[in-house]
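S.K.: The structure's right below; bear with me while I get my questions together.
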C-alpha cells in the first residue's frame, strides 16, 4: 500500500463457509435438537402459565357468566395460542433444518453466516475483489481465506 496515496478504512462483510464433516453434522444436529427441546419446554410453560392465569380469574369468585371475566379468559387464551403458534413455527423451522442437515453430503461447502472485518482501500484498488472475501472452516479450523485480503 502506497503511503502517499489517500486511503480509507472500510468495513466489509465476510462470508463464513464450513466444510460438511461427520463432526460438524453431529454438532449441528445436537444444536438443532437442543433448540427443539427448549421450544417444547417453552410450549409447556406457556400452557401452564395460561392455565394458572385462567385459574386465578376463576378463583377470584367471578362467575363464568360475567362478561368481563369471560373476556379476560378469552384474551388469555388468545395470547397463549398466539405464543404457541409462534413457538410451533420456530420448531417446524428447526425440524426442517434437521431434515436439510441430513441431506448434506460430506465435503460439501455450506454457508454458515457472516462476519465483518475492516480493510484499507486506496486509489487504484479493485473494490469488488476487496469486498468479496470468505473464510472456509473445517471442524472449527480455518482452512482457507478466499479473496483479496
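S.K.: With the radius of gyration and the Kirkwood radius both derived from the Cα set of the chain, what is their ratio Rg to Rh?
M.R.: Details: Rg = 25.9 Å, Rh = 20.2 Å.
Value, to two decimals: 1.28.
S.K.: A further question on this structure: May I ask for the angle, rounded to the nearest 10°, between helix 67-103 and the longest principal axis of the chain, with both axes built from Cα atoms and the value confined to 0 to 90°?
M.R.: Tilt relative to the chain: about 40 degrees.
S.K.: Using Cα atoms only, what is the angle between the long axis of helix 22-59 and the major principal axis of the chain, expressed in degrees (0 to 90) to the nearest 10?
M.R.: 30
S.K.: In Å and whole numbers, how far do the C-alpha atoms of the range 22-105 stretch along each principal axis, longest first?
M.R.: 61, 16, 9
S.K.: With just the Cα atoms defining each centre, how far is the range 67-137 from the range 2-50? Give it in Å.
M.R.: Using only Cα atoms, the two centres lie 8 Å from each other.
S.K.: Now for a separate question. What per residue convex hull volume, in Å³, comes out for the range 69-149 when only alpha-carbon positions are used? Let's see the in-between values first.
M.R.: On the way: hull volume 14.5 nm³, N = 81.
Here the figure is 179 Å³ per residue.
S.K.: For a quick check: sort 9, 115 by the number of other beta carbons within 10 angstrom, fewest at the front. Write out the running numbers ahead of the final one.
M.R.: Details: 9 8, 115 13.
Least crowded to most crowded, the residues run 9, 115.
S.K.: A follow-up question, please. Give me the extension gain from residue 58 to residue 110: residue separation times 0.36 nm, minus the current Cα-Cα distance, reported in nm with one decimal. Display every interim value, and only then the final one.
M.R.: Numbers: separation 52, 0.36 × 52 = 18.72 nm, distance 5.33 nm.
Result for the pair: 13.4 nm of gain on full extension.
S.K.: Here is a follow-up. What nm distance separates the two modelled labels at residue 77 and residue 4, each placed 7 Å from Cα along Cα→Cβ?
M.R.: So the two model labels end up 8.1 nm from each other.
S.K.: If each residue's Cβ is checked for other Cβ atoms within 10 Å, how do 86, 74 rank with the fewest at the top? The partial results should precede the final answer.
M.R.: Numbers: 86 14, 74 11.
Fewest-to-most Cβ neighbours within 10 Å comes out as 74, 86.
Here, each number is a calculation from the coordinates, and none is a lab measurement. Quantities reported herein were computed from a predicted structural model and do not represent experimental measurements. Because the Cβ atoms are built from the backbone with ideal geometry, glycine has one as well, and the counts that use them run over all protein chains shown.
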